[in-house]
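What follows is a short report on a single structure.
The values are calculated or read from the model by the stated rules, or taken from the named source; none is laboratory data. All figures in this text were calculated on a predicted structure; none of them were measured in a lab. Counting neighbours? That spans all protein chains shown, and the Cβs are built from the backbone with ideal geometry, glycine included. These area figures cover heavy atoms from the full protein model, side chains too; ligands, DNA and RNA do not enter into them. Shrake-Rupley method; radii C 1.70, N 1.55, O 1.52, S 1.80 Å.
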Amino acid sequence: MAPESKPSAQETIDALPTAKRVALLNRNDRIFHVILAQQFDRETIDRLCKLAEMMRNIAETRQGLQFLRTLLSHKRAMLYFIQPSTRTFLSFAAACQILGIAYDEVRNPSVSSEIKGETEDDTVRVLSQYFNLIIMRHPTEGFAEQMAHDLDALHLSIPIINGGSGQDQHPTQAMLDIYTLHRCFGRTAIERGNLDFSQNRFEGKTITFVGDLRRGRTVRSLAYLLCRYPGVRMIFVAPQELQISDDILEYLARHDVAYEHSDDLSAVVARSDAIYMTRLQDEYDIAGESKKIDYDRFRLTAEMAPQFKPDLAIMHPLPRRNEIDRQLDTDPRARYFHQVQNGMWMRAAMIAYVFHVDAAVIDHYQSHFAH
Amino acid sequence: MAPESKPSAQETIDALPTAKRVALLNRNDRIFHVILAQQFDRETIDRLCKLAEMMRNIAETRQGLQFLRTLLSHKRAMLYFIQPSTRTFLSFAAACQILGIAYDEVRNPSVSSEIKGETEDDTVRVLSQYFNLIIMRHPTEGFAEQMAHDLDALHLSIPIINGGSGQDQHPTQAMLDIYTLHRCFGRTAIERGNLDFSQNRFEGKTITFVGDLRRGRTVRSLAYLLCRYPGVRMIFVAPQELQISDDILEYLARHDVAYEHSDDLSAVVARSDAIYMTRLQDEYDIAGESKKIDYDRFRLTAEMAPQFKPDLAIMHPLPRRNEIDRQLDTDPRARYFHQVQNGMWMRAAMIAYVFHVDAAVIDHYQSHFAH
Amino acid sequence: MAPESKPSAQETIDALPTAKRVALLNRNDRIFHVILAQQFDRETIDRLCKLAEMMRNIAETRQGLQFLRTLLSHKRAMLYFIQPSTRTFLSFAAACQILGIAYDEVRNPSVSSEIKGETEDDTVRVLSQYFNLIIMRHPTEGFAEQMAHDLDALHLSIPIINGGSGQDQHPTQAMLDIYTLHRCFGRTAIERGNLDFSQNRFEGKTITFVGDLRRGRTVRSLAYLLCRYPGVRMIFVAPQELQISDDILEYLARHDVAYEHSDDLSAVVARSDAIYMTRLQDEYDIAGESKKIDYDRFRLTAEMAPQFKPDLAIMHPLPRRNEIDRQLDTDPRARYFHQVQNGMWMRAAMIAYVFHVDAAVIDHYQSHFAH
């Protein structure tokens, strides 16, 4: 294997069918590197949501928190966050803290050895000598996946978790969103201690995505996961220029998911069981094209509230600008700050799963919370 | 409660009497958010100094250090330090380490989501989803206090500790200064293991403040605390333009504290029991006005040493420039590096207190150090 | 002792013979501050290599990792890395994590109090109030050594470890390189569990150094250590302008070490037992002089591989540019990524030694791995 002649990350990835890519990232039919939303089948989604819910229940007591902290106190993680991020970074950091994982970070390549001319491949290989897990956020599509293959080729057993790559994938965000939707649609059962996430709570539900759907990787990744649930319906509300990409629509069609387009938010609010707001991703503008768009038409306002379903879930991956009226913050249907905390628990669950301590969590839960 | 219509942080604060502000920051007559120096009454000062002293005694052994590390090993803290700071940041970080608290930081907003247009209110709310404590240093007066009220309104139970806000308050610095003065004036008793901080060691003492008294929040906050001790006397030595503000003098007058002004340091050195030096706060200059001031007249020099009282305490909140002759560094009356370490212990004591583990510290101390 | 009149760091250091400098950095004939490669005699090298090897064996199990984490969980460290570095920083950070040491960092002085005009002496003194160990990387030669003396003069018992100072010393890199060479030359014995590092594995071996030998502190520091091993031979392959300094050659001559010069890599490859590649240190260029050098002549290429000895060790302190053909990365003789991990273990061993927990490691090893 001569690295000099190897195709670019994107070429390698484009050349493989998704099923093959998924298989390469797994070991013994279990996810090893967490790179693509497509890696999560229904069973894995169920298992991880349940694990996250168990962990937050365990964390209600000091004793439970101290149990969690011992689970992976022998592991050490690298948060390699080359793309600016506070929220996702701290979510993973908090997840590591919960599990007792020591971690450190590379965030600002300008203070690092990279300025001495090293390739980023070498950097990641060096990091893999120091740490047992690499969590990576990177502006380049496919970089995390390529690095996963590189470390495998070196016979290292270091899992990589993709914390967001380019405009493409953000699988942990998709998982926290699915978890949030489960907790909204199944709230009564979950609050009663029913931790069965295997049922299809999405059947007959309408999920409305609003905003910059073309460039937000969040929506892409979530759409892949929602297709696991027959009977879900999606509405994509966006300015023409920022509508959802055709490849996602083809994916939905292939999976028999009903969807529709709209450019009028107020017309679809009343039918929605969840409204997923997003901000303008103008950091991806090439020539300031976002400035020409009247994004105010894609705001959720307090005036629309009377039309909301009583159990609506209002979501946003944050950060928000003014896409959601601040008056809605105290509406119990606002779930965007809950999403934040759900993300921390989902990430903690994923890390526990990757390191095979999920069984220990389940044992602890069952011996302390069995009814 | 419509956040859109809410008054600015400063307006809210100005509108309330101090007693009301203090009450809002407490829970069950105990400090919950640590925001204002005025929150500390004599009993609380006593209690925290004693706690800090106990902790540093406990920390003398490896076993004691390991006891301290278990106290809050189930808690996680965010150090939100938007205003540049190394010293105060690391003092809090070390305090967290001593108590076993996992922490992370937000220090450089330019690498964070804020650049994507988020309001700082949203940022702090997000942080409150991940962490159990927020320690905050911020350039805006009143911001920490406003955030404390915001988190309360969201029914979160996340204490905020003010690590310095604008030119206004720096309550943990004031507490470490009081603690340092106690340790200087009561050194013999404390070294003998007498941990009673309830007596008034300040009666008849003269504390001389020197330098940029108008713009240094340190002096403001400490003056509030010293007023708890009847019989203390203050001398304010500063250039005309940088003399202590009238609101502080009115506060002293209301509390029957004797004070005087001077612009001649050498004239008051001999009468001082403590000399509190400060640097020029020229980062708050509007148009370089500091350059016109002859600050050399407000230096403590080795030539003044023969006039010093034998038990004088020379203090400085650091960083210093040339306000104190380096030759004085090895004089046993120089207490500024001791202040640094006292600050770490005082902050550890405050965090222990906020999380209600002070009783556990006292128990441990009494069972290991009882005479 | 009047600090005002004290000579500059470099003057102080130049004035003292090495033996005196070494003695000042030791306590009770044991290294206290780790500053100079010359501090390491054969016995200490042996002891530290053995300790590193024991620790990595202990770390093979979860239980072993958890034992290591308790060793220094009562200590706290400051990583004061003023010179940009990712690799060395993270190597020390990982070493601290392995030993359970809590740490924090100062890396970017622009966000710190230094901008308020503090001297760096004051900064380090402040840090010494918060932490039990200071690990320091600094652009100024002799700074770490001077700070060690400063802290001693203040009767503080805070060890300093030099993580690289100017163009001069990088003792922990030299130690990890020696350890790597030991592991290459003695691989069979070590893999069989023979942890005796006291024999001279370097007798009759030829170590070839290639590249920018004048400005790389790595080679300087390693040369000092190799002189401890009679019978080693060195070849220095470099462009004329970047050849090894005369002071090193004099040192080698004084220690009866055979050496030769070359500017033709391909001519000496076949005779080499280890080839130590280095990159161009053009950050030390004064006027872009490196651009005139044809550095391609100092590359190790895949075409040279047929000439390699079967047990050759190819080393590089990293980061590399194109000094080593990427095709060689998968050659088992490529040891540069192993060096990285060896560095983490060697640094962990050094910290354990400095804090006198080496005996505890040896005890644990002997009770778990005795044959």
- Query: Among the residues of the stretch A:92-103, which ones are of a type outside the set (A, V, I, L, M, F, W, C) and buried (at least 24 other Cβ atoms within 10 Å of the Cβ)?
  - Reply: A:97
- Message: Taking the condition of being open to solvent by 40 Å² or more (accessible area, probe 1.4 Å) and either aromatic (Phe, Trp, Tyr) or under 19 Å from the mean Cα position of the chain (by Cα) (or both), how many residues in the stretch C:199-235 meet it?
- Response: 2
- Filtering the stretch A:305-351 down to residues that are within 22 Å of residue A:96 (Cα to Cα), in contact with a Ser or Thr (Cβ under 8 Å, 6 or more places away or on another chain) and assigned to a helix (DSSP H, G or I) yields A:338, A:339, A:340, A:342, A:343, A:344, A:346, A:347, A:350
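So if I check each of C:188, C:123, C:172, C:180, which one is assigned to a helix (DSSP H, G or I), more than 30 Å from residue B:332 (Cα to Cα) and modelled with pLDDT under 95? Outline the logic, then answer.
On the way: C:123 fails: more than 30 Å from residue B:332 (Cα to Cα); C:172 fails: modelled with pLDDT under 95; C:180 fails: modelled with pLDDT under 95.
Selected residue: C:188, the only one of C:188, C:123, C:172, C:180 that is assigned to a helix (DSSP H, G or I), more than 30 Å from residue B:332 (Cα to Cα) and modelled with pLDDT under 95.
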- Item | the stretch C:307-343, residues that are over 19 Å from residue C:49 (Cβ atoms) and of a type in the set (Gly, Ala, Ser) | C:334
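Taking the criterion of being within 14 Å of another protein chain (Cβ to nearest Cβ), buried (at least 18 other Cβ atoms within 10 Å of the Cβ), of a type in the set (Gly, Ala, Ser) and on the phi < 0 side of the Ramachandran plot, would at least one residue in the stretch A:26-45 satisfy it? Full working, then the answer.
Taking the stretch A:26-45 as the starting set, the residues that turn out to be within 14 Å of another protein chain (Cβ to nearest Cβ) are none.
Looking for residues that are within 14 Å of another protein chain (Cβ to nearest Cβ), buried (at least 18 other Cβ atoms within 10 Å of the Cβ), of a type in the set (Gly, Ala, Ser) and on the phi < 0 side of the Ramachandran plot, one finds none in the stretch A:26-45, hence no.
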- Which condition number does residue B:307 fail, the rest of (1) more than 12 Å from chain C (Cβ to nearest Cβ); (2) open to solvent by less than 30 Å² (accessible area, probe 1.4 Å) being met? (2)
- Assess whether residue B:232 counts as being β-branched (Val, Ile, Thr) and without any contact (Cβ under 8 Å) to a residue 60 or more places away in the chain. yes
- Message: I'd like to check something: does the stretch B:157-166 contain any residue that is open to solvent by 10 Å² or more (accessible area, probe 1.4 Å), of a type in the set (A, V, I, L, M, F, W, C) and outside any helix (DSSP H, G or I)?
- Response: yes
- Flagged in the stretch B:80-91 as buried (at least 22 other Cβ atoms within 10 Å of the Cβ) and more than 10 Å from chain C (Cβ to nearest Cβ), in numbering order, are B:80
- Return the residue satisfying two criteria in turn: it lies in the stretch C:57-79 and is free of Cβ contacts under 8 Å to residues at least 12 places away in the same chain and more than 17 Å from residue C:357 (Cβ to Cβ), and of such residues it is nearest to the other protein chains (Cβ to nearest Cβ). C:62
- Go through the residues of the stretch C:56-75 one by one and say whether even a single one is open to solvent by 40 Å² or more (accessible area, probe 1.4 Å) and either at pLDDT below 95 or of a type in the set (Val, Ile, Thr) (or both). yes
- Task: Determine, yes or no, whether residue B:152 is over 30 Å from residue C:117 (Cα atoms) and more than 10 Å from chain A (Cβ to nearest Cβ).
- Result: yes
- Task: Report yes if residue C:53 is farther than 30 Å from residue C:16 by Cβ, more than 9 Å from every other protein chain (Cβ to nearest Cβ) and buried (at least 20 other Cβ atoms within 10 Å of the Cβ), otherwise no.
- Result: yes
- Could you please find all residues in the stretch A:167-194 being open to solvent by less than 50 Å² (accessible area, probe 1.4 Å) and more than 18 Å from residue A:229 (Cβ to Cβ)? A:168, A:169, A:170, A:172, A:193
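Listed here are the residues, each with its yes/no results for (1) in contact with a strand residue (DSSP E or B) (Cβ under 9 Å, 6 or more places away or on another chain); (2) farther than 29 Å from residue B:89 by Cα; (3) not hydrophobic (A, V, I, L, M, F, W, C).
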{"residue": "B:187", "(1), (2), (3)": "no, no, yes"}
{"residue": "B:193", "(1), (2), (3)": "no, yes, yes"}
{"residue": "B:200", "(1), (2), (3)": "no, yes, yes"}
{"residue": "B:206", "(1), (2), (3)": "yes, yes, yes"}
{"residue": "B:213", "(1), (2), (3)": "yes, no, no"}
{"residue": "B:217", "(1), (2), (3)": "yes, no, yes"}
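To keep it simple, each residue is scored yes or no on (1) buried (at least 18 other Cβ atoms within 10 Å of the Cβ); (2) touching a residue at least 24 places away in the same chain (Cβ under 8 Å); (3) charged (D, E, K, R).
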site	(1), (2), (3)
B:297	no, yes, yes
B:300	yes, yes, no
B:320	yes, yes, yes
B:324	yes, yes, no
B:334	yes, no, no
B:338	no, yes, no
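Report the residue count in the stretch A:134-156 for those that are under 23 Å from residue A:74 (Cβ atoms) and surrounded by 23 or more Cβ atoms within 10 Å (Cβ to Cβ).
Of all residues in the stretch A:134-156, those under 23 Å from residue A:74 (Cβ atoms) come to A:134-136, A:148, A:151-152, A:154-156.
When the remaining residues are screened for being surrounded by 23 or more Cβ atoms within 10 Å (Cβ to Cβ), the result is A:134-136, A:148.
The qualifying residues number 4.
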- Can you work out which of the residues in the stretch A:253-284 that are basic (Lys, Arg) and assigned to a helix (DSSP H, G or I) is least open to solvent (accessible area, probe 1.4 Å)? A:271
- Can you find a residue in the stretch A:225-233 that is more than 30 Å from residue A:294 (Cβ to Cβ), of a type outside the set (Lys, Arg) and part of a helix (DSSP H, G or I)? yes
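Going by the structure shown, is residue C:343 touching a residue at least 40 places away in the same chain (Cβ under 8 Å) and among the small types (Gly, Ala, Ser)? Lay out the reasoning, then the answer.
Values: touching a residue at least 40 places away in the same chain (Cβ under 8 Å): yes; among the small types (Gly, Ala, Ser): yes.
Yes: the conditions hold for residue C:343.
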